[in-house]
Structure formats: structure tokens, C-alpha cells
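*Asks:* For reference, the structure I am asking about is given below.
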Amino acid sequence: MAVRGPLSGVTVVDLSRILAGPYCTLLMAELGARVIKVEPPGKGDDAREYGPFRNGKSTYFSSVNRGKESIALDLKSPADKRIFGQLLERADVLVENFRPGTLEKLGYGWETLHRAFPRLIYAAASGFGHTGPHSRHPAYDMVVQGLGGIMSITGHPGQPPVRIGASIGDIGAGLYTAVAINAALLHREKTGEATKVDVAMFDCQLALLENAIMRYTVTGEVPGPLGARHPSIAPFEAFATADGAMIIAAGNDGLFQKLCDALGRPELARNADYGTNDLRCQNEPALKREIEAVLRLKPTAAWIAVLEAAGIPCGPINNVAEALRHPQVVPRNMLVTVEDPVSGTLELAGNPLKFSAFDDPATRPPAPELDADRARLLRELGIEG
């Protein structure tokens, strides 16, 4: 088999379902690992029932499970447990995102697995992690977005709470779990020691709060929603134009001077109220009015041409269709095709991780049908199925 990425030769047994764990193992597959998805018999991963559907198959499921293999195993069945054990003997990593305690009940807790398979890395992504008073509480993306504080700083002041438009609770946990697994693989390579990886969706939301925690612990002020405005940099937000809105991110004094010159308002850079970033943040409402008074004279496209020529970071506020038409998408291979035997041709998000040593093909293998790879896997294991 051709070397497909830096994780070629790594085998992942994937017990995860829905999004956090499958997103992690999608990244592992994109990096070249072999991912064997172990699903419960009958209906498999819950995500197989999430729309939109094409020809009866979930494209939601397809989007995060492409390039994997599937075998259906009942981990309460002695025969299937033997198959699962043989898969683990050949695996480098086990990934699961059950509520803590679930696998222990089935006889597959970390201590048991580590004794039986000392080179196996065990990665668990759960709502609250494997320690702490809430460790066994259930959680979905929306729950941790609320609990973790990120919803409290999203949206506009005085408006009802809104979730971030992407499933940042699940995706964040999937990303952090993938990072931790790669670190664990490197640690095993250096020392021979396998380890348990314990990632909590709630913890990841706190980590993703970026400067909000720092602002609270330093100032004692509880951050709130600011719309599209950055809390610590100005001008750095969405501004109204003649035909809509645009983003301007003038993140330092030099860029602010260039912005003022490009807008034909060089005197703003000399205004004592706007002389430093801190002053611009303090006087942001007045500064925004000054900038928008100019921007409203021309449409967004005209201003983007002017500001880009001046070297100022800026851009439109694209919808998804417009984002996919951006001229960077094709050369960066960020929309790949999947030829699915049930759904037909699918266009899915590409892999943002690029490596000079490995190809980034324009196509990807499809997501497997439930139990599609059973016969081949059993042959590999020397089991008559």
C-alpha cells in the first residue's frame, strides 16, 4: 500500500460515534492512519440517522467517516469480544467517546486494556473527562457550549443567547484528542510506553476561550458578547458599508495609520483619543462611527480593493457558498470529492493539514456502510466468518 501520510502504518480502532470522536479519527485517517470503525450491530453509529440524506444514506455521517472501515460488533457477545480483542492486538490506538465508566462495565477500562495490550494508546473524549464530580454526566455540543462560557461571549449585547454556528464543542474536543494522540504516539516511539489520553469537551471549551479567561482573572470583569468586535484590539470588527458590511482588522498602530490614509481621514491617526490601541479600544464606539461614515459612501467590493492595495487585512462576510468560491479553495484543495456507491458524488471539506512530503489528493474514499469490511477483517485476523 502506498504511504498516504505521516501516520501511515498506524492502526486506530474507533469505538466513537456522532462527532467528537469521529472527527478525531477523521483527522487520523487524513494523516494516513488506518481507522477501523467498530459499530454496534443493527443501526451502527447514531450519526447514520442524521440528515441531510442522499439516496437514503446520511451525508452527515459520510462527511466525518470517509476513508474508514466498518465492522459491527456486540461487545457483550463472547464471540464478538474475541474479534475485538484480536483487533486490539494489532492496533496502536483505541478511540472512544462514551460516558466514563461505560467501557469499564464491558471489561475494557484503561487498566485492563493496558495489562492486556501494553503498547495500545487509549484515547477517551467525553463531556467532562474521567475525573471530577461531573465526570459521568452526559453532554452534547450545545451543553458544553453553554457550560463552558463560549455562548456568553457570542452574539450581540442584550440579545438572546446563540450557539456558535459550528459544533465547536465536539470539533474542539476532536481536535485536542487528535493532538494528544499524536503526542502519545511520539512518546511511545521514544520510550516504549503507551498512555491514556483523557480529553473533556468542557475543558476544551475553557481552553478555547482564549483571552476571555485572562481578562476575567486580571480585571475581575465578566466578559460579555460584543457582536463582531474584538475585545482587546481596535479597529478590529465588522463595519457597515454602502451595500452591506465588511471586516477590517487593523491590529497595530502602523495598520491603523494606513487605514486612516486609505480612508482619506489621516487626521484620525493623529487624534489623541486614538493614539494607542488601548485608547482606540476605550473609544471604540466613536472610532467606529468615524470609520463607518466613510465606508458607507462606497460598496464593500470597492473598499476591499482600496484597503487590500494599502496592505490592510480586510474582507467580506461570506456565506458558505461564497466562501467555497474563494480563489484559495481550489489551489489549497479544500473541497474534495468522494465517490460514494450509495450517495453518488459528494463534495466535502478538504484537509487543512498540508505536508511537503505527502500528496493531498483531490478525491477521498467513501464512508463505509455498516459492517462493510467484516469479511475482509475476519480474513486478516484468521477467523472464519
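*Asks:* For the chain, what does the alpha-carbon gyration tensor say about shape, rounded, prolate or oblate, given a ≥ b ≥ c as the root eigenvalues, a/c under 1.5 as rounded, and a/b over b/c as prolate?
*Replies:* Prolate is the answer for the chain, as a/c is 1.5 or above and a/b outweighs b/c.
*Asks:* Of all the Cα-Cα pairs you can form in the stretch 30-102, what percent are over 13 Å apart?
*Replies:* Beyond 13 Å sits 73 percent of the P(r) for the stretch 30-102.
*Asks:* Return the single residue from 125, 33, 242 with maximal mean-square fluctuation; model: Gaussian network over the chain, springs between Cα atoms under 10 Å.
*Replies:* Evaluated over the chain, the most mobile residue of the options is 242.
*Asks:* Helix 253-262 sits at what angle to the longest principal axis of the chain, using alpha carbons and giving 0 to 90 degrees rounded to 10?
*Replies:* That works out to roughly 60 degrees.
*Asks:* Roughly how far apart, in whole Å, are the Cα centres of the stretch 321-366 and the stretch 199-241?
*Replies:* So the two Cα centres are separated by 32 Å.
*Asks:* For the stretch 16-58 and the stretch 248-297, what is the separation of their C-alpha centers, rounded to whole Å?
*Replies:* For the stretch 16-58 versus the stretch 248-297, the Cα centre distance is 48 Å.
*Asks:* Lysine pairs in the chain with alpha-carbon atoms under 27 Å apart, 8 or more places apart or on different chains: how many are there?
*Replies:* 27
*Asks:* Using amide H atoms built 1.01 Å from N in the peptide plane, name the residues 5+ places from residue 335, or on other chains, whose amide H lies under 5 Å from its own.
*Replies:* Excluding prolines and chain starts, which carry no amide H, the hits are 350.
*Asks:* Counting only other residues whose beta carbon sits under 13 Å from that of residue 274, what net charge do I get with K and R as +1, D and E as -1?
*Replies:* Values: positive: 265, 270, 280, 288, 289; negative: 253, 267, 273, 278, 284, 290.
Neighbour charge sum, excluding residue 274 itself: -1.
*Asks:* With springs only between Cα atoms under 10 Å, which of 85, 148, 44 fluctuates most in a Gaussian network model of the chain?
*Replies:* Largest GNM mean-square fluctuation: 85.
*Asks:* Can you show me the helix-derived [θ] at 222 nm for the chain, built from DSSP H runs with n ≥ 4 at -39,500 (n - 2.57) apiece and divided by the number of residues, rounded to the nearest 500.
*Replies:* Taken over the chain, the calculation gives -10500 deg cm²/dmol.
*Asks:* Give me the net charge for the shell around residue 288: Cβ to Cβ below 15 angstrom, other residues only, Lys and Arg +1, Asp and Glu -1.
*Replies:* Value of the local net charge: 0.
*Asks:* Something else: Charges at C-beta only: +1 for Lys and Arg, -1 for Asp and Glu. How large is the resulting dipole of the stretch 316-385 about its Cα centre, in Debye rounded to 20?
*Replies:* 280
*Asks:* Would you mind calculating the gained length between residue 245 and residue 383 on full extension (0.36 nm times residue separation, minus the Cα-Cα distance), in nm to one decimal?
*Replies:* 43.5 nm
*Asks:* So who's got an amide H within less than 5 Å of the one on residue 73, skipping anything under 5 residues away but keeping other chains? H placed 1.01 Å off N, in plane.
*Replies:* For residue 73, the qualifying residues are 39.
*Asks:* Which net charge results for the neighbourhood of residue 135, defined as the other residues with beta-carbon distances under 15 angstrom from its beta-carbon, given Lys and Arg at +1 and Asp and Glu at -1?
*Replies:* Neighbour charge sum, excluding residue 135 itself: 0.
*Asks:* Let me have the relative contact order for the stretch 32-118, percent, based on Cα pairs under 8 Å that are six or more residues apart.
*Replies:* 23
*Asks:* Can you tell me which of 292, 267, 189 moves the most in a GNM of the chain? Springs connect C-alpha atoms under 10 Å apart.
*Replies:* Ranking 292, 267, 189 by mean-square fluctuation puts 267 first.
*Asks:* Could you state the angle between the C-alpha long axis of helix 168-191 and the longest principal axis of the C-alpha atoms of the chain, as a value from 0 to 90 degrees rounded to the nearest 10?
*Replies:* Approximately 60 degrees, to the nearest ten.
*Asks:* Also: Can you tell me the 0 to 90 degree angle between the C-alpha axis of helix 300-309 and the longest principal axis of the chain, rounded to 10?
*Replies:* So the helix axis and the longest Cα principal axis differ by about 90 degrees.
Any read-out appearing in this document is the output of simple, stated calculations on the displayed coordinates, not a laboratory observation. Small disclaimer: the values here were computed from a predicted structure and weren't measured. No Cβ is skipped: glycine too gets one built from the backbone with ideal geometry, and neighbour counts run over all protein chains shown.
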